Every structure is written in structure tokens, then in C-alpha cells.
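Any read-out appearing in this document is the output of simple, stated calculations on the displayed coordinates, not a laboratory observation. Computed from a predicted model, the values in this text were never measured in an experiment. Reconstructed Cβ throughout: ideal geometry from the backbone, glycine too, with neighbour counts over all protein chains shown.
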Amino acid sequence: MQQGSRSKEIVQITTDLVGAGVERVCYVHPEDPDKAIKIPVIKDNRQSRREVKYYRKLVKRKGISFDHCPRYYGFVKTNLGDGFVVDLIRDYDGEVSKPLSWYLENEMEVSELPPYLDELKNYFLSNLIIFNYDMGLHNLLFQKCAPDKMRLVMIDGLGDTVAVTWLNLFASHVRSKINRRFSRFLQALYASQQVVAHKDLLKQSVRQ
Ligand SMILES: Nc1ncnc2c1ncn2[C@@H]1O[C@H](COP(=O)(O)OP(=O)(O)O)[C@@H](O)[C@H]1O
Ligand SMILES: [Mg+2]
């Protein structure tokens with residue numbers, strides 16, 4: 001991974017693994033429990049480069065909200081490899097927030113989702129933030145900000161995947177891209193095992 005940090009210090013990771021995906025592992029930052037270090041574990045680290053490149057663009061744009069996307073704090077060298085630092089998404093009680101997939105499998109009705117989904121979509125549209133096909137059930141955390149307040153936070157899937165990006169200079173183009181991709185995401189969400197299994201359960205309970 002390309003180095004952007006001037007610091008030569010190597011951070012020793014002795015902290016907990018927060019989670020592991022196919023491409024990255026994520027640890028609690030040893031110096032700050034509210035930050036995470038993400039380290040690519042496969043050779044093809046295109047996804048991390050795309051995410052970091054997009055983060056750097058966002059940082060330059062003034063007035064961007066990070067209500068539904070972790071903030072980015074730069075590159076870091078660690079004893080486990082090169083990585084980058086972002087906000088670690090935790091609930092108000094300090095627990096690491098759980099993914100939307102977990103909530104749908106456990107304690108949430110599909111019918112409760114629309115307001116959270118609308119809020120997320122409006123966030124992308126009003127901040128002109130582009131996401132890609134990685135934005136889904138497992139990469140959206142449901143953060144409990146307070147006992148009676150939750151929000152969806154996208155932890156993976158930031159940035160564009162197309163080769164030609166100059167059209168993204170036009171807000172109208174970005175808005176239609178967000179609308180299109182969000183519709184695709186909703187289709188996948190409502191066709192997902194978690195939602196379909198839930199609907200089957202509901203049907204069964206109605207039949208009984
Ligand atoms: N900002 C974050 N806050 C809390 N947990 C995170 C965060 N980023 C990643 N994780 C955890 O680490 C896992 C892997 O990170 P992710 O970026 O999704 O990697 P991959 O690209 O391999 O899927 C996630 O599924 C999640 O459990
Ligand atoms: Mg992921």
C-alpha cells in the first residue's frame with residue numbers, strides 16, 4: 001500500500017481483532033479505542049486503494065458529514081503490515097456496532113427498516129458520496145447512538161468502481177448514480193436470505 005504518512009513509527013498491534021472480511025482485517029487502534037486500523041491481507045489491495053483515494057477527496061471537500069461513514073485519519077505502519085485508520089463504529093454503550101444482517105436475523109423486523117434506509121440514501125445524496133457494490137447487509141453497521149436512536153453506517157464500499165470518473169464532476173450525474181445504485185442495493189436487500197427467511201416466518205405465523 002502506498003505510504004502517505006511521514007511517521008516512521010511502527011504501531012504494535014496488541015489489541016483485539018474487530019472483524020475480518022475477505023480482503024481486510026480490522027483491529028482496535030492500540031492508542032485509541034475509538035479508532036480502527038484496517039489492514040489489507042490479500043495482494044490485490046485495489047479496494048483499499050480506492051477507498052483511501054476517495055477518502056482523500058472527501059477530506060478536501062468542506063462541510064462533508066460523517067454521520068453514516070467513518071472518518072479517515074491516514075496511513076499507518078504496523079507490525080502486521082501497512083494499513084489505514086478510521087473511526088471504529090461503536091454503540092453508545094461501547095460495544096462494537098453489529099451489522100444490519102445481524103439485526104435482521106435477530107431482533108429487527110424488515111418493516112422497521114425504511115426510515116433508516118431513507119436517511120442513509122438522503123445522506124449519500126446530500127453529501128454526493130459515491131458507494132459501490134460492496135455496500136450491503138454485511139458492510140452496513142447499525143449503530144445505536146443512544147437508547148432510542150440508531151443509524152446505518154457504511155464501513156466498506158466507499159468510492160467508485162468505474163474507469164472513467166470525470167463525469168462525477170457533475171452533481172446531477174453523481175445523484176443519478178447514487179439513486180441507481182441505491183435501488184440495486186434495495187433489490188438485493190429485499191431478495192436476501194435474511195429478509196426472505198423473515199417473510200417466510202411471518203407467513204408461517206399468519207397461517208398458524
Ligand atoms: N469502521 C469500522 N468499525 C467497526 N468495525 C469495522 C469497521 N471497519 C471494519 N470493521 C469490521 O471489520 C470487518 C472487515 O472490514 P471490511 O472493511 O468490511 O473488510 P473487507 O473489505 O475484507 O470486507 C467488517 O466486516 C467489520 O466486522
Ligand atoms: Mg466488508
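A few points about this structure:
- Spatially proximal lysines relative to LYS177 (Cα-Cα < 25 Å; intrachain offsets below 8 disregarded): LYS53, LYS57, LYS60, LYS62, LYS121
- Positive-end extreme of charge dipole, the chain - chosen from TYR54, VAL164, TRP102 (charges on Cβ): VAL164
- Under-5 Å amide H pairs with VAL11, H placed in peptide plane, nonlocal only: LYS77, THR78, ASN79
- Cβ-derived FRET efficiency at R0 25 Å, GLU9 paired with LYS43, nearest 0.05: 0.50
- Residues CYS26, CYS69 arranged by fewest to most Cβ contacts within 10 Å: CYS26, CYS69
- Translational D in µm²/s for the chain (Stokes-Einstein at 25 °C, 0.890 mPa s, Kirkwood Rh from C-alpha pairs): 134 µm²/s
- Förster radius 25 Å - calculated FRET efficiency between GLU119 and ASP32, Cβ distance, rounded to 0.05: 0.35
- Taking 0.36 nm per residue of separation and subtracting the Cα-Cα distance, full extension of the segment from TYR190 to SER176 would add 2.9 nm.
- Helical contribution to [θ] at 222 nm, DSSP H n ≥ 4, -39,500 (n - 2.57), averaged over the chain, rounded to 500: -11000 deg cm²/dmol
- Proximal lysines to LYS8, defined as alpha-carbon separation beneath 16 angstrom and excluding residues fewer than eight positions away on the same chain: LYS77
- Sorted largest first, the spans of the alpha carbon positions of segment 40-119 along the three principal axes are 41, 32, 27 Å.
- Pair-distance profile P(r), taking every C-alpha pair of segment 77-185, with 10 angstrom steps and integer %: 12, 40, 31, 15, 1
- Cβ-defined net charge surrounding ASN168, 9 Å radius [Lys, Arg +1; Asp, Glu -1]: 0
- Paramagnetic reach from ALA197 in segment 122-139 [backbone N under 18 Å; point 7 Å along Cα→Cβ]: 136-139
- Between segment 151-201 and segment 45-79, the alpha-carbon center distance in angstrom: 19 Å
- Protection proxy ranking of 8-19, 56-67 - average other beta-carbon atoms within 10 Å, highest first: 8-19, 56-67
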